[in-house]
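Colleague: Got a structure for you, written out below as structure tokens; questions coming shortly.
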Amino acid sequence: MTNLLNRWWKLGLSLLFGLMVFFFWWQCYPHALSYQEQYQLFPWTTDYFMQNLCVPGGLSAWLGEFIVQFYYIPWLGALLLAALFVLLQRLIWWNIGSERQQWYLFSFIPPLLLLWMMGDESVLLSYPMAICLTLATALLFSCQKTTIRIHIFDAIFLPVLYWAVGLVVWLYVVLRIVRGGWKSLWTIVWLALLMMVAYHWLLSQWSFTSVLMGIVYYRIPEKGCMLMWLLPVVIVLLVMLPRKLNHRLLWVAETIIIALVAWLSVTQNYDREKYELIYQDYLVRNERWDDIIDRATKYQVQTPFSSVCVNLALAQCRQLADRQFDFWQSGPDALIMPRQRDLTSMLPSAEVFWRLGMVNSAQRYMFDTQESILNARKSGRCTKRIVECMIVNGQYKTAAKHIDLLKKSLFYSQWAHEAETYLGDEAKINAHPVWGKIRQLRFKDDFLYSYPELDKIFYMLFSNNTDNKMALDYMLAQMLLNGNVPIFMQNLQLAQRYGGYSSMPLVYQDVVQCAQNGGAVEGSSYMNFFNRMRQTKQ
């Protein structure tokens with residue numbers, strides 16, 4: 001009866017832990033899930049599976065990406081992540097052994113360290129998947145009955161395991177030595193030989209550093225984080241715990257240690273500013289403009305990325321002319337950022353280009369973002385926008401190629417099939433509520449433009465179609481960000497004529513008062529910005 005109660009008590013703790021992990025990702029960090037999902041596109045094809053198997057750890061990478069695709073629905077992604085965390089905890093406990101009942105709480109330390117580690121947005125899910133596969137294999141090893149069978153199992157299965165999980169296979173080797181003693185030291189030589197042969201004959205296109213660091217665990221090649229090396233060490237130490245240790249304070253000590261690790265896991269690696277920017281991008285992707293504005297009124301990261309997101313939200317709600325300088329403005333780059341080769345910076349600017357009607361620029365920014373994914377994956381989000389740009393521009397043959405790729409995925413497939421029906425159908429495209437509007441707003445001719453002259457580009461957009469009120473708002477806003485108050489005053493009549501405002505917007509009133517009083521307007525939000533920019537230049 002006592003054993004049954006202990007078993008259910010332990011299972012209950014595991015389920016409670018899984019429930020906490022579920023709510024952590026679903027309620028606190030759904031944007032982190034969206035961030036991971038948007039930088040991969042998981043085709044359900046044999047070719048993609050075989051492509052992953054071409055490198056060590058490819059199976060764990062494929063399984064990790066399989067789960068990440070479900071992040072498209074945050075609650076479902078959080079549920080699968082919680083199941084993975086519980087699986088990791090149970091595998092660790094089974095490897096520790098039922099004879100070490102008093103150490104059960106310590107089996108939660110590695111999953112908590114994993115939670116801490118995943119605060120680094122470049123850690124891929126292939127890493128915890130590789131750990132789970134390795135621990136499961138270690139359990140298979142413990143089921144072998146004779147030494148001869150164990151050696152045969154190691155000799156045959158170790159190469160397979162190395163290619164399936166990658167560098168994490170060393171965890172299995174160390175666990176094998178801990179349990180088998182000095183007679184198992186030959187597995188070190190065997191694995192080292194396998195890695196040397198694999199590097200020289202199969203992985204010559206990769207640097208030796210990449211092979212040693214693990215090719216599929218971290219999005220940035222030849223880099224990683226310290227916790228990736230600490231986690232296997234902690235697992236080995238847990239397996240080496242003494243079998244029996246009777247002490248009244250043991251449970252208290254375990255509880256305190258677990259509480260400390262849990263607190264560090266959810267606080268130390270989840271930088272507030274970084275994840276606020278990721279959240280803003282998540283809101284932009286889902287067009288939750290009011291939420292962006294509401295969050296910015298409470299807390300705004302002082303970066304150009306944040307300014308672009310907030311200004312886009314204000315423009316979509318037709319509040320830019322009233323509230324632009326109620327929020328922090330980074331400077332002339334606060335409406336559209338210049339091109340940067342990284343994962344995130346250009347995404348909100350690409351959204352601005354798209355809604356303004358600068359379709360080619362939106363497509364170029366999305367292409368550059370996708371090509372900046374350092375582990376050479378495609379992006380479902382970027383590919384979808386690229387298809388839209390091509391459809392609007394009438395590039396149907398090229399759009400069809402990208403649509404075929406999306407059709408092989410799970411969550412983009414329905415959209416891709418629907419988009420395919422628009423190819424070549426001009427009337428249907430023109431009747432589309434978004435694509436038809438963008439076609440009316442876009443430039444009809446290709447030309448090169450200079451980034452410092454964005455206000456002129458916005459003016460050309462507005463002149464091309466005076467119904468493009470966003471271009472009008474952005475033109476006047478860019479003039480103010482550049483400090484060109486005289487030019488702003490000359491074009492103010494355009495806002496009165498075409499802006500659709502019943503009265504002069506608050507920002508414009510503020511600027512007019514500043515111009516009339518030589519800048520001596522107490523409490524002027526624009527003058528505060530203007531003076532800050534002038535001090536920065538000095």
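The values are calculated or read from the model by the stated rules, or taken from the named source; none is laboratory data. All figures in this text were calculated on a predicted structure; none of them were measured in a lab. Virtual Cβ from ideal backbone geometry, glycine too; neighbours counted across all protein chains shown. The accessibility values were calculated without ligands, DNA or RNA, using every heavy atom of the protein model including side chains. Shrake-Rupley method; radii C 1.70, N 1.55, O 1.52, S 1.80 Å.
Colleague: State log₁₀ I(q)/I(0) for the range 385-466 at q = 0.15, 0.23 Å⁻¹ as given by the Debye formula over alpha-carbon point scatterers of equal weight, solvent excluded.
Modeller: -0.63, -1.04
Colleague: Would you calculate a helix-derived [θ] at 222 nm for the chain, using -39,500 (n - 2.57) for each DSSP H run of n ≥ 4 and dividing by the full residue count, to the nearest 500?
Modeller: Working: 29 runs with 357 residues, N = 538.
Result for the chain, helices only: -20500 deg cm²/dmol.
Colleague: Would you pull out the residues with amide H under 5 Å of SER409's amide H, same chain only if 5 or more places away, H placed 1.01 Å from N?
Modeller: Residues meeting the criterion, in which the H sits 1.01 Å from N, are TRP44.
Colleague: From zero outward in steps of 5 Å, how is the percent of C-alpha pairs of the range 173-228 spread across the bins?
Modeller: 4, 18, 19, 16, 19, 16, 8, 1
Colleague: Considering the Cα trace of the range 291-449, what is its radius of gyration and what is Dmax, both in angstroms?
Modeller: 16.7, 47
Colleague: Okay, moving on. Any idea of the accessible area per residue across the chain, 1.4 Å probe, to the nearest Å²?
Modeller: On the way: 25260 Å² over 538 residues.
Result: 47 Å² per residue.
Colleague: Another question, then. At 1.306 mPa s and 10 °C, plugging the Kirkwood radius over alpha-carbon pairs of the range 384-538 into Stokes-Einstein gives what diffusion coefficient in µm²/s?
Modeller: On the way: Rh = 18.6 Å.
D = 85 µm²/s.
Colleague: Sort 50-62, 160-172 for me by packing, meaning the mean count of neighbouring Cβ atoms within 10 Å per residue, highest on top. Can you show the working numbers first?
Modeller: Values: 50-62: 20.4, 160-172: 23.2.
Top to bottom by mean Cβ count within 10 Å: 160-172, 50-62.
Colleague: What percent do you get for the relative contact order of the range 250-359 when only Cα pairs under 8 Å and 6+ apart count?
Modeller: Numbers: 84 pairs, mean separation 23.9, N = 110.
Relative contact order of the range 250-359: 22 percent.
Colleague: Same structure again: What does the range 185-290 give for Rg and for Dmax, in Å, if only its C-alpha atoms count?
Modeller: 21.4, 63
Colleague: Still on this structure, I have one more. If you build the convex hull over the alpha carbons only and average its shadow over all orientations, what do you get for the chain? Give it in nm² to one decimal.
Modeller: Numbers: hull surface 127.1 nm².
For the Cα atoms of the chain, the hull's average projected area reads 31.8 nm².
Colleague: When the accessible area of the range 487-538 is computed with all protein chains present and a 1.4 Å probe, what percentage of it is carbon and sulfur?
Modeller: Values: 1580 of 3480 Å².
Solvent-exposed carbon and sulfur of the range 487-538 make up 45 percent of the total.
Colleague: Leaving out ligands, DNA and RNA, what percent of the accessible area of the range 163-251 is carbon and sulfur, probe 1.4 Å? List each step's numbers first, then the result.
Modeller: Numbers: 3720 of 5180 Å².
Carbon and sulfur together cover 72 percent of it.
Colleague: On C-alpha positions alone, give me the angle between the axis of helix 126-142 and the longest principal axis of the chain, in degrees, nearest 10.
Modeller: 10 degrees
Colleague: What do you get for the angle between helix 147-165 and the principal long axis of the chain? Use alpha-carbon atoms, 0 to 90 degrees, nearest ten.
Modeller: Value to nearest ten degrees: 10.
Colleague: Which percent of the accessible area of the range 315-419 is formed by carbon and sulfur heavy atoms (probe 1.4 angstrom)? If you can, show how the numbers build up before the last one.
Modeller: Working: 1790 of 3740 Å².
Carbon and sulfur: 48 percent of the exposed surface of the range 315-419.
Colleague: Something else now. Taking only Cα atoms of the range 340-420, what ratio of Rg to Rh do you get with Rh as the Kirkwood inverse-distance radius?
Modeller: When Rh is taken as the Kirkwood radius, the ratio is 0.96.
Colleague: When all alpha-carbon pairs of the range 462-538 are counted, what percent fall beyond 18 Å? Walk me through the numbers before you get to the answer.
Modeller: Working: 1208 of 2926 pairs.
Value for the range 462-538: 41 percent of Cα pairs lie more than 18 Å apart.
Colleague: What's the ranking of 225-237, 452-464, 200-212, 259-271 by average number of surrounding C-beta atoms within 10 Å, highest first?
Modeller: Details: 225-237: 16.5, 452-464: 18.2, 200-212: 12.8, 259-271: 14.7.
In decreasing order of mean packing, 225-237, 452-464, 200-212, 259-271 become 452-464, 225-237, 259-271, 200-212.
Colleague: What list of ³J(HN,Hα) values in whole Hz, one per residue of the range 428-443 in order, does the Karplus curve 6.51 cos²θ - 1.76 cosθ + 1.60 (θ = phi - 60°) give from phi, with Gly and Pro shown as x?
Modeller: Result, ordered by residue: 5, 5, 5, 8, 5, x, 9, 5, x, 5, 4, 4, 6, 8, 5, 5 Hz.
Colleague: Ok, one more. If you add up the charges near LEU480, with Lys and Arg at +1 and Asp and Glu at -1, over every other residue whose beta carbon is less than 10 angstrom from its beta carbon, what do you get?
Modeller: On the way: positive: none; negative: ASP455, ASP510.
So the surrounding residues net to -2.
Colleague: Using the scaling law 2.2 N^0.38 Å as the reference, what is the normalised Cα Rg of the range 255-335? Mind showing how you got there, number by number?
Modeller: Values: Rg = 15.9 Å, N = 81, 2.2 N^0.38 = 11.7 Å.
It is 1.36.
Colleague: Go through the range 326-334 residue by residue and turn each phi into a ³J(HN,Hα) via Karplus (6.51, -1.76, 1.60, θ = phi - 60°); whole Hz please, and just put x for glycine and proline.
Modeller: Once θ is set to phi - 60°, the couplings for the range 326-334 become 6, 10, 5, 10, 6, x, x, 9, 7 Hz.
Colleague: Take the cross-link list LYS223/LYS384; LYS407/LYS428; LYS408/LYS437; LYS274/LYS298 and give me the ones stretching past 24 Å between alpha-carbons.
Modeller: Values: LYS223/LYS384 30 Å; LYS407/LYS428 21 Å; LYS408/LYS437 29 Å; LYS274/LYS298 16 Å.
Those over the limit are LYS223/LYS384; LYS408/LYS437.
Colleague: Under 13 Å Cα-Cα from LYS378, which aspartates and glutamates qualify once same-chain neighbours fewer than 8 residues away are excluded?
Modeller: Within the straight-line limit of under 13 Å, LYS378 reaches these aspartates and glutamates: GLU37, GLU65, ASP368.
Colleague: Let me ask something else. Between the helical axis of 304-316 and the dominant principal axis of the chain, each derived from Cα atoms, what acute angle in degrees is found, rounded to the nearest 10?
Modeller: Result, in degrees: 60.
Colleague: Further question on the same structure: Go through the range 516-532 residue by residue and turn each phi into a ³J(HN,Hα) via Karplus (6.51, -1.76, 1.60, θ = phi - 60°); whole Hz please, and just put x for glycine and proline.
Modeller: 6, 10, x, x, 8, 10, 5, x, 6, 5, 5, 5, 4, 5, 4, 5, 5
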